[in-house]
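The values are calculated or read from the model by the stated rules, or taken from the named source; none is laboratory data. What you are looking at is a predicted structure, and each value in this text was computed from that prediction instead of being measured. Note that we place each Cβ from the backbone using ideal geometry, even for glycine, and neighbour counts take in every protein chain shown.
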Amino acid sequence: MKLVVQVRLLPTPVQAAALEATLRACNEAATWVSEVAFARGEFKNFALRKLTYEQVKARWNLGAQAAQHTIKKTCDAYATLKANLRAGRLGRPGSARYRRATQKPVAFRPFGAQPYDDRMLSWQIAGRAVSVWTTGGRMKNVAFTASVEQLATLTLYRRGESDLVHRDGMWFLNATCEIPEAEPNAEPVDFLGVDLGIVNIATTSDGEIMAGRELNRIRLRERGLRAKLQKKNTPSARRRLNKRRRKEARRAKDINHKIAKHVVAEAERTGRGIALEDLTGIRERVRLRKPQRATHSSWSFHQLGQFIAYKARRAGVPVVYVDPAYTSRTCAECGHIDRANRVSQAWFVCRSCGFVDHADRNSSRNIRARAWELWRRGAQSTAPAPPPKSAGGAGRKHSTTASGARCASPSL
């Protein structure tokens, strides 16, 4: 399993200037290569290298490996653009957004990330330093800082490329590591159902609610601040908006990591699997009132699902994806389905048997039951599937989806 370990570089002012010049040169070269590719209609790596390799080396003083990585980076950018167009993420063909994406070549930011392989970058992990290729020559003893766990992971499992990243005035290296997966739990004793929602980010079938009211107060305050800054629309307001956006993204990522870690640890401790909803296309299917739309789309449930999936694979915990249709309307005790069962956002009262429970806990119990039923029917696969790529908010999942489920048990 691939895992990215990010470490922070601590370059001196002279080293930072050399790294800055290197990123600028690589990204200027990539933009020129992109223009050539767009003009010639040639986006394959080998063919594009024939057209641009010698000029990239001579004009921007790039080494052989750096020139090849710059050309490949351009090809990868066009492959990503093509995939996004095919998936409809940039609007329909003929729309203004679609035309903007297709009628001009891809351009690279001056400080866009640059890939390095082992010929361009060598690690001295014990000394917490790296030796980096730059346009001014090889630069040795660039210090970095990392936790003990990160150092151990880098020492044992680092493989392949690392990306040099410049962000918010800081320098980072993102190193690719190949982490071995744990032996899968072939027969879990049960499943831990996880309901993802707007008010409560995650609720388990054990009744544990994670990231509820306190987080929502923070999100509401931040949304108000964003609206004020957007209305002001001055250069300083736009700078503050960018700063706040990155801060909010870091907070969300940190909370998602903590939730995923807790869910996987609890499932591993009790010998259970994890049951999640297959939320593919939830944003398109669910209709909400205008005041609810921002809340519905303001949390990265796809990211949370990814974190749970990869942490579960590392721990050998099976993950099953079930159909989310009517989980919030179905009674976990008697199975009665009625829209009126959901008396409020917080409470569920069955109109048939009178069962009363927290609405999200009731939903998570239904998710757990569906996963267990699928598992006993032998619906599990031999390889873990990633969370749905277009997964969005959860909330009240009343729309119907295709029958069946995607199931996964960790195995290599």
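Below are the figures for this structure:
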item	result
Selected residue (criterion: farthest from ILE125 (Cα to Cα)) from residues of the stretch 153-163 that are crowded, with 16+ Cβ neighbours inside 10 Å and in contact with a Ser or Thr (Cβ under 8 Å, 6 or more places away or on another chain)	SER162
Enumeration of residues in the stretch 162-177 that are hydroxyl-bearing (Ser, Thr, Tyr) and touching a Phe, Trp or Tyr at 6+ places or on another chain (Cβ under 6 Å)	SER162
Filter result (surrounded by fewer than 17 Cβ atoms within 10 Å (Cβ to Cβ), part of a loop (DSSP other than H, G, I, E, B) and touching a residue at least 40 places away in the same chain (Cβ under 8 Å)) within the stretch 35-74	ASN61, GLY63
Hits in the stretch 169-200 - residues which are modelled with pLDDT of 80 or more and small (Gly, Ala, Ser)	GLY169, ALA175, GLY193, GLY197
Hits in the stretch 107-122 - residues which are surrounded by fewer than 16 Cβ atoms within 10 Å (Cβ to Cβ) and either among the charged types (D, E, K, R) or over 20 Å from ALA17 (Cβ atoms) (or both)	ALA107, ARG109, ASP117, ASP118, ARG119, SER122
Residue satisfying all of: in the stretch 176-209; β-branched (Val, Ile, Thr) and assigned to a loop (DSSP other than H, G, I, E, B); surrounded by the most Cβ atoms within 10 Å (Cβ to Cβ) among these	ILE201
Residue match in the stretch 3-25 (condition: part of a strand (DSSP E or B) and touching a Gly at 6+ places or on another chain (Cβ under 9 Å))	no
Residue that is surrounded by the most Cβ atoms within 10 Å (Cβ to Cβ), among those in the stretch 124-138 that are over 14 Å from TRP171 (Cβ atoms) and touching a residue at least 40 places away in the same chain (Cβ under 8 Å)	TRP133
Test: residue in the stretch 83-106 that is aliphatic (A, V, I, L, M), touching a residue at least 40 places away in the same chain (Cβ under 8 Å) and either surrounded by 12 or more Cβ atoms within 10 Å (Cβ to Cβ) or part of a loop (DSSP other than H, G, I, E, B) (or both)	yes
Members of the stretch 47-72 that are within 18 Å of LEU121 (Cβ to Cβ) and of a type in the set (Lys, Arg)	LYS72
Per-region count, the stretch 257-296, residues in a helix (DSSP H, G or I) and at pLDDT 90 or above	14
